[in-house]
Amino acid sequence: MKKHGILNSHISKILSDLGHTDYIVVADAGLPVPEGVPKIDLALKLGVPSFQDVVDVIAADMVIEKVTLAEEIKQGNEQALQQITRTFSGEQSENLQLAAQSAVIEFCSHEQFKELTRHAKAIIRTGEAKPYANCILQAGVNFG
């Protein structure tokens, strides 16, 4: 049994298999999953687990060089945008287990976002029930 890191075997395997520029999606409960893209469904009930809890756990275990969000998050879910910005600003997090990590944050339309999900290695579905609580996490490399 693992001592540290992600215990979910499906997520752990996906992260281990990622190469540079591959990406995964962390999604709210309503984001459609394109046919052929593996879905790892963590949703237990509305709000559980939360989008941010899942992002935090993944960010602690994955080298992330770029985060893509839907432009609509700026108006539709300011709280999630602020959380993502804090998580990937490169500053030490309040959550001491989450190492500071800096990543580029980019935006596209929600329609473009859904199109990009077709190329994801997996979509991790949370129980989040707030709009636009979705992000694409692009893998970086760890040479150090």
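Here are some notes:
- Checked against (1) open to solvent by less than 40 Å² (accessible area, probe 1.4 Å); (2) in contact (Cβ under 8 Å) with a residue 40 or more places away in the chain, LEU46 passes all but condition (1).
- Complete set of residues in region 12-55 that are out of contact with any helix residue (DSSP H, G or I) (no Cβ under 7 Å at 6 or more places or on another chain) and among the polar types (S, T, N, Q): SER12, SER16, THR21, SER50
- Residue match in region 2-11 (condition: in contact with a helix residue (DSSP H, G or I) (Cβ under 6 Å, 6 or more places away or on another chain), buried (at least 17 other Cβ atoms within 10 Å of the Cβ), β-branched (Val, Ile, Thr) and free of Cβ contacts under 8 Å to residues at least 60 places away in the same chain): yes
- Any hit, region 22-36, residues being in a strand (DSSP E or B), of a type in the set (A, V, I, L, M) and over 13 Å from the mean Cα position of the chain (by Cα): no
- Qualifying positions in region 11-21 - under 23 Å from PHE113 (Cα atoms) and part of a helix (DSSP H, G or I): ILE11, ILE14, LEU15, ASP17
- Hits in region 108-135 (condition: within 16 Å of VAL37 (Cα to Cα) and open to solvent by 20 Å² or more (accessible area, probe 1.4 Å)): LYS114, GLU115, LEU116, ARG118, HIS119, LYS121, ARG125
- Hey, ALA80 surrounded by 20 or more Cβ atoms within 10 Å (Cβ to Cβ), touching a residue at least 60 places away in the same chain (Cβ under 8 Å) and out of contact with any Lys or Arg (no Cβ under 6 Å at 6 or more places or on another chain) or not: no
- Only one of the numbered conditions (1) surrounded by 11 or more Cβ atoms within 10 Å (Cβ to Cβ); (2) modelled with pLDDT of 95 or more is violated by ALA100, and that is (2).
- Check on PRO32, over 24 Å from VAL104 (Cα atoms), surrounded by 13 or more Cβ atoms within 10 Å (Cβ to Cβ) and not small (Gly, Ala, Ser): no
The values are calculated or read from the model by the stated rules, or taken from the named source; none is laboratory data. None of the values given here were measured: they were computed from a predicted structure. Cβ sites come from the backbone with ideal geometry, for glycine too, and all protein chains shown count toward neighbours. Side chains included, ligands, DNA and RNA excluded: accessible areas come from the protein's heavy atoms. Shrake-Rupley method; radii C 1.70, N 1.55, O 1.52, S 1.80 Å.
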